[in-house]
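> What follows is a single structure, and I will ask about it in a moment.
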Amino acid sequence: MAKENQYVLELLTENGLLTEHQIHEAAEYAKNNSNDEHTVSTIEAAIALKFISEQDYLQVLANEYGMEVIDLNNYDIPEEVLASLTPDIVNTYNVIPVMRHDDILTVAMSDPSDMDTLDALRYLLGCDVDAVIAPQDQIQRIIDRHYRTLAESMRKFMGDLGLDNGEKKQEESAIGALAGTKEEFTDDEASVGRLVSLIISEAHKMRASDIHLEPMEKDYRVRYRIDGVLHKMESPPKFLQASLTSRLKIMARMDITEKRIPQDGRIQITVGDKDLDLRVSDIPTTHGESIVMRILDKASIQLDIPKLGFFADDLELVQRIINYPDGIFLVTGPTGSGKTTSLYAFLNSINTVARKIITVEDPVEYLLPGINQVQVDRSVDMTFAAALRAMLRQAPNIIMVGEIRDVETAEIAINAALTGHLVFSTLHTNDAPGAVTRLIDMGVQPFLVASSLRAVMAQRLLRRVCKYCMEEHVPTPMEARLLGLPDDYVKTHKFYKGRGCERCGRTGYKGRIGIYEIFTITPDIAALIFNNKPTSTIREAARRNGMRSLRDDAIRKAESGISTLEEVIRVTMMDEE
């Protein structure tokens, strides 16, 4: 609200929005509802009593100060604009950035008469600052969503519970209030419910892929996996562990009375305007139940192949592979390396009305329009193998199997590939040639692998260097030695590193990109597979045919200023090349 002064009240009266009687009544209401923590202004009281709408009030101020009123509920603020102001500035001055054009930053504020704030921002930012007017509740909602840290929110939450001093009596009272019944847990306003929502929304805001809630001996640790690396967050006190665990198990539709065996579940929740799907895993540990939540943001999945991180030559090769008429194309890598995202992007690229595509997944992570997706359900014997058999009777052109886990599934997939179907699937192997050995170790005959396999793509995710704080970096002798980079190579190539800034959380990295090892089955390699040659022999032949290793692709991305040599070493440490 604008600062309380007679001028604003007179302005509202002159515009016919308030009468003298209403001002008097609003002043009495404000006096009776003010306290030491918050003073209610006459204007706030007039809005609360519905003498005037907030929109009309803001419009009068906008006309007086020559500003525009905007509705932030229908305004999409780009991430790079939000990054223009630090959380400290936003929380201190109660403004948010909404637009940036050349050297002019436009901020939204609820008090257009506060010229001191605009002057302070111009001084701090070293650029011109314009202002628009927005309702205070909308500004606060964006501050809470994008700028409030988990530590600040946790302190506020604990303060609301009266736990600032950590007194035993207060803790016992809080435990009693939070333990509650099942009905109390399902109340959206319940304290534990608000804390759970806070932890999830903060994780989404920080671009976390996983939330780890881990019971330790003396504390209850919360960690977020951001860009593939775990970061410890502000954690709730140990005595809230049981209440938080019960709340999450109820939300995930688990059995809250069962604490001896692992359980899996799913939570669907809306954070801001985003629908999130959380895959929840609960496992008993020495000090209580450990919960891990994988965040699946339906709006964030990348279905555009060029944006996955392929260079032009690899992109051309991948496009050729996914348009083969038959055969198997495998994507390999550890959990969390982006295999499913790649497969979805491939399917989306070749999804036309002329092709019937069926997938069998465990679980179905994202819904793809125009594609038939089948969910594995072992409780009714709907396994990968059973679903795959049934799918073949549906006369599909293309099949995607979430993962080949056993010889039965592998043999059915291979038979489908040999009878004219294009089959996509995943395997857990360290490199692309290793997929051949993995299939044979499962029990698949080498001649079947040689005749059905078309290509294998191994992948990892590399953290991107922050574009806001990147600077040139001279490789250290240790980095050059670990990566096998000759001195003349280091001298003739530029590399970069992130200094660390507010926008990247002082890590020097923001976002991730894929690195790839694409192994195609040529006639000479098929002959090696047929003769059951070892992986090392097959890999040497693939390298002679032009296959780049994961490390090769990672170094190319470091040279291009996409990532750093430090990150290349971290991700490809096990790569022998």
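> Relative to the present Cα-Cα distance, how much length would full extension add between E28 and E559 at 0.36 nm per residue of separation?
Gain on extension, E28 to E559, equals 184.3 nm.
> Assuming 0.36 nm per residue, please report the length gained on full extension of the stretch R481 to S451 beyond their Cα-Cα distance.
Full extension from R481 to S451 adds 6.7 nm.
> Kindly express, to the nearest 10 degrees and within the range 0 to 90, the angle between helix 550-559's C-alpha long axis and the longest C-alpha principal axis of the chain.
So the inclination is approximately 40 degrees.
> Something else about it: When ranked by the protection proxy of mean other Cβ atoms within 10 Å per residue, highest first, what sequence do the peptides 364-375, 219-230 form?
Answer by packing, highest mean first, reads 219-230, 364-375.
> Name the residues of segment 325-353 whose amide N is less than 18 Å from a point 7 angstrom out from the Cα of D552 along the C-beta direction?
Output list for this probe position: 332.
> For every helix of n ≥ 4 consecutive DSSP H residues, a contribution of -39,500 (n - 2.57) applies; sum these over the chain, divide by its total residues, and give [θ] at 222 nm rounded to the nearest 500 deg cm²/dmol.
Mean residue ellipticity at 222 nm (helix-derived): -11500 deg cm²/dmol.
> A further question follows. If we sort 124-130, 40-46, 526-532 on the protection proxy, mean other Cβ atoms within 10 Å, highest first, what's the order?
Sorting 124-130, 40-46, 526-532 by mean packing, highest first, produces 40-46, 526-532, 124-130.
> Further question on the same structure: Check the cysteines of the chain one by one and keep only those with no other cysteine Cβ under 4.7 Å from their own.
When partners are defined as cysteine Cβ atoms under 4.7 Å apart, the chain leaves C127 without one.
> How high is the FRET efficiency from E472 to H21, r the C-beta distance, R0 60 Å, rounded to 0.05?
Efficiency, from the Cβ-Cβ distance: 0.30.
> In segment 18-139, what percentage of the DSSP-assigned beta bridges are antiparallel, given to the nearest 5?
40 percent
> For the chain, give the percent of accessible area contributed by carbon and sulfur heavy atoms, probe 1.4 Å, rounded to a whole number.
It is 48 percent, rounded to a whole number.
> Still on this structure: How far, in degrees from 0 to 90, does helix 168-179 lean away from the longest principal axis of the Cα atoms of the chain, to the nearest 10?
70 degrees
> Moving to a separate point now. Using the beta-carbon distance between Q375 and D326 and R0 = 22 Å, what value does 1/(1 + (r/R0)^6) give for FRET efficiency, to the nearest 0.05?
0.25
> Any idea how far apart D219 and E64 come out in nm if each label point goes 7 Å out from Cα toward Cβ?
5.0 nm
> If you keep only loop residues by DSSP, which chymotrypsin sites (Phe, Trp or Tyr not before Pro) in segment 17-88 have at most 16 other Cβ atoms within 10 Å of their Cβ?
Filter output for segment 17-88: Y75.
> Which value, in Å² and to the nearest 10, is the accessible area of T86 when all protein chains are kept and the probe is 1.4 Å?
40 Å²
> If you take every DSSP beta bridge fully contained in segment 375-498, what fraction is antiparallel? Give it as a percent rounded to 5.
55 percent
> Now, a different point. Show me, for segment 259-267, the HN-Hα J-couplings you get by feeding each phi into the Karplus relation (A = 6.51, B = -1.76, C = 1.60, θ = phi - 60°), rounded to Hz, glycine and proline as x.
Using θ = phi - 60°, the values come out as 10, 9, 10, x, 9, 10, x, 9, 10 Hz.
> Same structure, new question: In nm, to one decimal, how far is the modelled label at E14 from the one at Q319, with both set 7 Å along Cα→Cβ?
Each label point lies 7 Å from its Cα, and together they span 6.5 nm.
> Using only the alpha-carbon atoms, how far is helix 407-418 inclined from the longest principal axis of the chain? Give it as 0 to 90 degrees, nearest 10.
80 degrees
> Measuring from label point to label point, each 7 Å out along Cα→Cβ, what is the D488 to D297 span in nm?
4.6 nm
> Considering only DSSP beta bridges where both residues belong to the chain, give the percentage that are antiparallel (nearest 5).
The antiparallel proportion sits near 65 percent.
> PRE reach from Y7 (point 7 Å along Cα→Cβ): which of segment 44-62 fall under 19 Å by backbone N?
Once the point is set 7 Å along Cα→Cβ of Y7, 44, 57-62 turn out to lie under 19 Å by backbone N, inside segment 44-62.
> By how many nm would the segment from K232 to I283 grow when fully extended, if each residue of separation counts as 0.36 nm and the alpha-carbon distance is taken off?
16.4 nm
> Can you give the FRET efficiency for Q55 and M206, using 1/(1 + (r/R0)^6), R0 = 35 Å, r = Cβ-Cβ distance, to the nearest 0.05?
Plugging the Cβ-Cβ distance into 1/(1 + (r/R0)^6) gives 0.60.
The values are calculated or read from the model by the stated rules, or taken from the named source; none is laboratory data. Just so we're clear, the structure is a prediction, and the values are computed from it rather than from any experiment. As a convention, Cβ positions derive from the backbone with ideal geometry for all residues, glycine included, and neighbour counts pool all protein chains shown. To get the accessible areas, we keep the full protein, side chains included, count just its heavy atoms, and leave off ligands, DNA and RNA. Shrake-Rupley method; radii C 1.70, N 1.55, O 1.52, S 1.80 Å.
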